[in-house]
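The values are calculated or read from the model by the stated rules, or taken from the named source; none is laboratory data. All values derive from a computational prediction rather than experimental measurement. Cβ coordinates were reconstructed from backbone atoms using ideal geometry, including for glycine residues, and neighbour counts include every protein chain displayed. SASA here: full protein model, heavy atoms, side chains in, ligands and nucleic acids out. Shrake-Rupley method; radii C 1.70, N 1.55, O 1.52, S 1.80 Å.
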Amino acid sequence: MTTKGDTRRTGAEKERVSADEMGSKSRNTSIFAAVIVAVFAIFVAPLSADFPLSRPRRKAAALKMDEAVLSVMNEMQTEMMLFVTSEHCFQCLPQLVGLVPAGPELGSPSTISFNLNSQHALLLQLNSTPANAELCRLQFHFGEHGNYSLWVKNLNDPSQVNCTMVTNSEPINSYLPILLAFLVIASLYVLAVVWNTLKRLDTVRSLLVRFGSTMEAERLINSELGSPNRVVETSVESMFPSPAGQRLRSLDTFRGLSLVVMVFVNYGGGRYWFFRHESWNGLTVADLVFPWFVFIMGTSVCLALNASLYRGTSRSNLFWKICWRSIQLFIIGVFIINPNYCLGPLTWDSLRIPGVLQRLAFTYLVIALLELAVARVHRDSSLMSVWWYRVHDIALYWPIWCCVTALEMVWLFLTFLLPVPGCPSGYLGPGGIGDYGQYPNCTGGAAGFIDRWILGETHIYQTPSSRVVYQTSVPFDPEGILGSINSILMAFFGLQAGKILLHYRDQHRQIITRFLLWGFLLGIISAVLTRCSRDYGFIPVNKNMWSLSYVTTLSCFAFVVLLVVYYVVDVKKWWSGAPFFYPGMNSILVYVGHEVFEEYFPFRWKMINSQSHAEHLSQNLLATALWVFIAYILYRKKIFWKI
């Protein structure tokens, strides 16, 4: 895949771009909004050729993405060792980069070059050999493709070593493609809003009728695409248990937003570190979307089951539907999503059992059965007189609260009290070089131990994100068994959001107030659990283990985001939800499709420069936009893949 050459587009590519641009003029506002990110690829694809790459003074390995070159100039008559520690690596052992030879003679330095990572600030440490005594240390954040020199010399006092960092050539601005993407998308969205406003004017309407056929003009003017008042009859879940089945548009919009970001980060996210999963503790953009998807699934379960019961569907019938849907999701995850058939036929020896759809299947099964057991078809008006009516959306469903609380107690007990061979009780660290290398094979503590014990090392994820920074050597699955308990908790909070929408329908102030209260309460719990820090809390925020604080933090965010989307889309109707609404209506198809066809054209192609953020960002944005467009086409054709 890695090739270099001219970044100019070929004639065929230009013709295709021109055709796309001409075709887009005839589309209405929502389709325009659905594919605006694709236009970004046209603007930033050539950017990788416009950035000058810095070259080291001495020959070194070619610079890759997120790398800088450091030339160490040693004027001392002492051989040294260069160690590096990333500030993103909590309590990590310094890692040897290489040896720095002694200067050949006084005043004539030796020079050696190293390629270092530029994603995070690094702590550089020079030790003498063979005594391994520290000579100097300094912290520095290198810029991508920058050229730097570290001068090591004695000044007036021979016993003291002076280390000075010098910038030979400035790094490139690796974030410029993101800025351009934002400007292009924002500009096109503004144009779409302006056009949507203009086409409603009588003058524009008459012009459309005059210069186009009457039928086509009426289709363009009266198109329901993007209309905030659209009612979808083929609903999976309805806002209220009413015969009309009016769909809550904000739910599909929130689900679609989470799904679009998930597709983008799965495709690479432009190879930016904040669009990848965090190595261990902490959050990145990639860590937000899956929990939000679980959250909105819980909300949908509440509304869908209540609507089905209201329509007269028996609980036994719903029970078998829930079980069958869970089995389908699990099978798709195991045999379609997880395997990489490009590497050979599927074999049991290397089959990964956990996964995203598998966790969704298990979470859906538990939360849907709990809701099915306690769902109330009819509302008792006499409840308005009881003292606990203000919290009746909670009090009426106390059995679910008891079950979820019991499950959470199981998680806490296993996480902090289960004996793990060779590891301290309650260990929540990454292992590897973390914790100063004391527990290299204890990645994930009890969570990792349970997965390896029950599923076996060959049936869980082999390359966890902790390998990059913490150099862990044991497999660890972020969708493992123990973390699935907390995914149920996440779906339960979404279920509670559904209860609020169900019990306070048409009472927008009540819904918004309760969303705010839930967000505030969960935010306080997260602050206490983490002590407002990334690594020093009682239970740090950790996506790999789906820690308790991770669930409370992301649930807090989910309530706030759902509140905003609900207010803008369903209350004020300022936004139709496009383009996120369309993938939200076909979420399973989009997720499975983007995983299966990830390596195929037009979602991926051979790049001119695979070490360019701009080119990766263009490719990933275009691939994501194509799935949004596919979801829009399926929506127009009324094709919805339901399991």
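The charge dipole of segment 448-511, taken about the Cα centre with unit charges on the Cβ atoms of Lys, Arg (+1) and Asp, Glu (-1), comes to about 320 debye, rounded to the nearest 20. Taking a point 7 Å out from the Cα of N168 in the direction of its Cβ, the residues of segment 73-92 whose backbone N falls within less than 16 Å of it are 73-75.
Accessible surface for D506 stands near 110 Å², nearest 10, in the context of the full protein assembly shown (1.4 Å probe).
A Förster radius of 30 Å, combined with the Cβ-Cβ distance separating L207 from I633, puts the computed FRET efficiency at roughly 0.60. Extending 7 Å from Cα along the Cβ direction at A131 and again at L521 yields two label points whose distance is 6.3 nm. Distance between the pseudo-spin-label points of I394 and D506 (7 Å out from Cα toward the beta carbon): 2.7 nm. Remark: for residue pairs K321/K499; K499/K573; K64/K543; K499/K543, the C-alpha separation exceeds 24 Å in K64/K543; K499/K543. Only Lys, Arg, Asp and Glu carry charge here, each on its Cβ (+1 for the first two, -1 for the last two); on that basis segment 562-636 has a dipole of about 280 debye about its Cα centre.
Surface listing: W398, W546 arranged by accessible area from highest to lowest gives W398, W546, probe 1.4 Å.
Per residue, the accessible area of segment 600-643 comes to 44 Å², computed with a 1.4 Å probe over protein heavy atoms only.
Label-to-label distance, I327 versus F140, with points set 7 angstrom from Cα along the beta-carbon direction: 6.3 nm.
Of the residues T624, Y582, H594, the one whose Cα sits farthest toward the positive end of the charge dipole of segment 552-643, with +1 on the Cβ of Lys and Arg and -1 on the Cβ of Asp and Glu, is Y582. When a/c reaches 1.5 or more, the comparison of a/b and b/c decides; with that in mind, is segment 256-365 rounded, prolate or oblate per its Cα gyration tensor? Since a/c reaches 1.5 but b/c is at least a/b, the shape of segment 256-365 is classed as oblate. Nonpolar atom fraction for segment 97-146, defined as the carbon and sulfur part of the 1.4 Å probe accessible area, stands at 54 percent.
Charge tally for A631 (other residues, Cβ to Cβ under 12 Å; Lys, Arg +1; Asp, Glu -1): +2.
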